[in-house]
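The values are calculated or read from the model by the stated rules, or taken from the named source; none is laboratory data. Model, not experiment: these values are computed from the prediction. Every residue, glycine as well, gets a Cβ built from its backbone with ideal geometry; the counts of neighbours run over all protein chains shown.
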Amino acid sequence: MDELTALHLDRAASIASTHAAVLGTDHHNAAARAGSAHRADALGLTVSRVFEPTGLFDRRYVPSLSVVLRGRKRSIVGDDDQVWGRERFIITPVDLPVVAGVVDTAGSDGFVSAVWRLDPAVVGEVVASMSAPSVPPRGELPRLGTWTAPLADAFARLLALLDAPEDVPVLFPLVSREIVLRLLQTEQAPRITAALDGSGTSVVAAATALLTGRMAEPWSMGRLARELRVSESTLFARFKEATGMTPAQYLKRTRLGEARRLMIVHGETAARAATAVGFRSASHFSRDYREAYGRPPAADAVAARAQLALATAV
């Protein structure tokens, strides 16, 4: 990472750390906490700070830019399993099931991250306004993006608006469009544009909504394409480019995550959870679950409940 990019990210980390501390620990100053939360929400930002490594948990990422500013985390998207820190970022152009956890808290400074919600309308507007968008060749994309100095600068200025709420009405629309523009100038541009079609709506987003909302149904590529009225080849290419997964991989990860939630949160048995999310074979479910989480379903649910109870007690 070059020195200028590092300086911008240092600035972003300092601002995010301050607001994450207020949001997470300042229980004695309700006004400060509420004000910080309101400003972050108005900017589409979520900032967090963690002082101990966490286990791996299933999360659903909405369309967003995810950034690690201090420490390192592990993210599993489909078959892609990586540990990363502030030298990279992750773009999620559509709702995506991710298994993630903090693995390094950067000593006493703590792990600091920020997630910025991407507005598909703004993305479509910026793409449409680019006279000659520089889009890298389409194909297999790296899951993690690489920072550029202009992108890091724009993101730091977005975070700086947390301390200047009076500037938000004027500057936020400009900064948000600049961030999208800078993202489109990175190697992640195809992942962003793959989530759009000519009308500004997303076939990929429609596909993920179907697979998530009706996950227990027996989906095939042909049936999904027919529901969306697109060709199988078009759907497959756009889906893989935007999410890094095939529709089948996406459906399996979504089902496993929901089954895990049912067992951990609602105390369902493995058999009932598997049936509820659409698995037709208990042995198939057990094999896929162990492959994803490293333990059999029942044992993993017990361990995860104990970890959550410990975190709540602390």
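Does residue 190 fit the bill of being assigned to a helix (DSSP H, G or I) and at pLDDT 95 or above?
Details: assigned to a helix (DSSP H, G or I): yes; at pLDDT 95 or above: no.
No.
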Note to self: Just to check your reading of the model, which residue among 94, 122, 98, 115 is surrounded by 21 or more Cβ atoms within 10 Å (Cβ to Cβ) and either in the same structural domain as residue 17 (by TED's automatic domain parsing) or more than 21 Å from the chain's Cα centre (by Cα) (or both)?
What the structure shows: 94
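Here's the yes/no breakdown for (1) of a type in the set (Asp, Glu); (2) outside any helix (DSSP H, G or I); (3) farther than 26 Å from residue 81 by Cα:
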residue: 218; (1), (2), (3): no, yes, yes
residue: 226; (1), (2), (3): no, no, yes
residue: 256; (1), (2), (3): no, no, no
residue: 272; (1), (2), (3): no, no, yes
residue: 289; (1), (2), (3): no, no, no
residue: 299; (1), (2), (3): no, no, no
Next item on the list: Please state which of the following conditions residue 279 fails to meet, knowing it meets all the rest: (1) in a helix (DSSP H, G or I); (2) buried (at least 22 other Cβ atoms within 10 Å of the Cβ).
Entry: (1)
Next item on the list: Please enumerate the residues belonging to segment 246-260 that are of a type in the set (Lys, Arg) and under 15 Å from residue 95 (Cβ atoms).
Entry: 253, 255
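What residue, of 245, 221, is in contact with a helix residue (DSSP H, G or I) (Cβ under 8 Å, 6 or more places away or on another chain) and buried (at least 17 other Cβ atoms within 10 Å of the Cβ)? Walk me through how you get there before you give the answer.
Numbers: 221 fails: buried (at least 17 other Cβ atoms within 10 Å of the Cβ).
One residue alone meets the criteria, 245.
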Notebook entry, point to check: Considering 235, 251, which residue is touching a Phe, Trp or Tyr at 6+ places or on another chain (Cβ under 9 Å) and of a type in the set (A, V, I, L, M)?
Noted result: 251
Next item on the list: Kindly list, by first and then second residue, each pair from a residue in segment 208-227 that is assigned by TED's automatic domain parsing to the domain that holds residue 249 and polar (S, T, N, Q) to a residue that is assigned to a helix (DSSP H, G or I) and surrounded by 11 or more Cβ atoms within 10 Å (Cβ to Cβ), limited to pairs with Cβ atoms under 7 Å and residues at least 6 apart or on different chains.
Entry: 208/250; 212/254
Margin query: I'd like the full set of residues that are among the small types (Gly, Ala, Ser) and closer than 26 Å to residue 188 by Cα, limited to segment 205-239.
Written below: 205, 206, 207, 209, 225, 231, 233, 237
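Taking residue 261, is it surrounded by 17 or more Cβ atoms within 10 Å (Cβ to Cβ), closer than 30 Å to residue 114 by Cβ and either modelled with pLDDT of 95 or more or in contact with a strand residue (DSSP E or B) (Cβ under 6 Å, 6 or more places away or on another chain) (or both)? Before you say what the answer is, go through the steps one by one.
Details: surrounded by 17 or more Cβ atoms within 10 Å (Cβ to Cβ): yes; closer than 30 Å to residue 114 by Cβ: yes; either modelled with pLDDT of 95 or more or in contact with a strand residue (DSSP E or B) (Cβ under 6 Å, 6 or more places away or on another chain) (or both): no.
No: the conditions fail for residue 261.
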